[in-house]
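Read the structure below first, then the notes.
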Amino acid sequence: MVGQGAIGLLTACQLQQQGAKVRLWLRQPVSLAVHFRTLDGNSRHHRFEPWPTDQPIHTALIAVKAYDALSCIQQLQPLLAEDACLILSHNGLGTLETIQPLLKPKQQLWFLTTTHGAYIEPGNQAGRQLVHSGAGSSVLGAIQAESHPIPTFANALNTALGPLQSVTDILPYLWRKLLINCLINPLTALHQVQNGELARPCFAAELTQLLNEFCLLAELAGYPQDKAAAWQQLQQVITSTARNRSSMLQDRLAGRRTELEYITGFVLREAKRFELRLPGHEQLYQLCQDAGF
Ligand code: KPL
């Protein structure tokens, strides 16, 4: 397991609970204590040992911020087995183009996207206080793999972040998740509101414009969106995560770098490729930049 963000630690805790031997790869090779509050309000204590730096890595879930994904894989490279299996999971798009050329022919790259909600309570440096805040589901698909059988690690992921759907083409799912993220994340981070606030009528016109523009781009990029279904899914996410802070708002409040470049930034770079203007996303991007993220 690579990374100590909420989704990585949620996976690690769930797997350890099932008896799996989970090791963490962190910037510093130290063990990590996690106090985990489960969905039903129970508390559990977990401890993870660091990955031993002299053992090859066969399977790793890399759940780091999009901007850390490339450097993370570069660091792991000397330890990766010839047929290592990497599962990447982050918000946004735009990392795969730089990561794929680094992999050897038999090394596999998969992508996992999840709607499980989890967050780390700020402040405790001695360990991590992890909260599983919302049940969700996950989708797994190959980005680079010689064949596409249901991988053995899919069972483990189903236990940790299920129900898990395995698909042959993950990119349409990543575009739909991008749509949700590029409507919810910058707006909630900019206005410093919980996701549920976006259901207020004052946000409807802006969300509609952002959705319409995204659909124009997605069509050109080869990932057409059913607008009505996308709107419905957006409302469903806003409702089911109403009391959550989006990851971008959490990053902003914690003074961390945000994934703006891989969410709205990616959308604008793609639009440029098609010589398409997206005034709503352009303005939102500018406002976020002006606000310092
Ligand atoms: O993925 C999310 C995020 O915050 O990054 C959503 C779906 C918007 C939930 O908060």
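The values are calculated or read from the model by the stated rules, or taken from the named source; none is laboratory data. Fair warning: this is a prediction, and the values are worked out from it, not measured in the lab. Note that we place each Cβ from the backbone using ideal geometry, even for glycine, and neighbour counts take in every protein chain shown. All accessible areas refer to the heavy atoms of the entire protein, side chains included, with ligands and DNA or RNA removed. Shrake-Rupley method; radii C 1.70, N 1.55, O 1.52, S 1.80 Å.
Over segment 1-54, what lengths in whole Å, largest first, do the semi-axes of the equivalent ellipsoid take, defined as the square roots of 5 times the eigenvalues of the alpha-carbon gyration tensor? Working shown, then result.
Values: eigenvalues 81, 24, 17 Å².
For segment 1-54, the semi-axes come out at 20, 11, 9 Å.
Bridge orientation summary for segment 93-205: considering DSSP beta bridges with both residues in this region, about 75 percent are antiparallel.
Taking the chain as the reference, fit the longest principal axis to its C-alpha atoms, fit the long axis of helix 66-76 to the helix C-alpha atoms, and give the angle between the two in degrees, 0 to 90, nearest 10. So the inclination is approximately 20 degrees. Here the 3J(HN,Hα) profile of segment 106-120, calculated from phi with Karplus coefficients 6.51, -1.76 and 1.60 at θ = phi - 60°, is 8, 7, 10, 10, 10, 10, 10, 10, 9, 10, 5, x, 8, 8, 9 Hz, Gly and Pro shown as x. Once you divide the Cα radius of gyration of the chain by 2.2 N^0.38 Å, the number left is 0.99. Using the 1.4 Å probe convention, the accessible area of the chain works out to 48 Å² per residue with neighbouring protein chains retained. What would the Debye equation give as log₁₀ I(q)/I(0) for segment 6-167 at q = 0.10, 0.12, 0.19 Å⁻¹, counting only Cα atoms as equal point scatterers? Once normalised to I(0) and log-transformed, intensities are -0.36, -0.52, -1.37.
Pairs with C-alpha atoms separated by more than 28 Å, drawn from the list Lys21/Lys177; Lys227/Lys272; Lys21/Lys104, are Lys21/Lys177.
Converting phi to 3J(HN,Hα) with the Karplus coefficients 6.51, -1.76 and 1.60 and the offset θ = phi - 60°, segment 255-270 yields x, 8, 4, 9, 8, 3, 5, 9, 10, 5, x, 4, 4, 5, 5, 5 Hz in sequence order, with x at every glycine or proline. Phi-derived couplings, Karplus 6.51 cos²θ - 1.76 cosθ + 1.60 at θ = phi - 60°, listed residue by residue for segment 197-211: 5, 5, 7, 5, x, 5, 9, 4, 5, 5, 4, 5, 4, 4, 5 Hz, with x used for Gly and Pro.
With both labels modelled 7 Å from their Cα along Cα-to-Cβ, the Ala199 to His58 distance reads 4.6 nm.
Secondary structure note: in the chain, about 45% of the DSSP beta bridges are antiparallel.
Taking the 0 to 90 degree range and rounding to the nearest ten, how far is the long axis of helix 171-191 tilted relative to the main principal axis of the chain, both from C-alpha atoms? Orientation of helix 171-191: about 70 degrees from the principal axis. One quarter of the surface of the convex hull around the alpha-carbon atoms of segment 54-126 equals 6.3 nm², the direction-averaged projected area. Its alpha carbons considered, segment 173-290 gives a radius of gyration followed by a Dmax of 13.3, 38 Å. When its C-alpha radius of gyration is set against 2.2 N^0.38 Å (N residues), segment 104-208 gives a value of 1.35.
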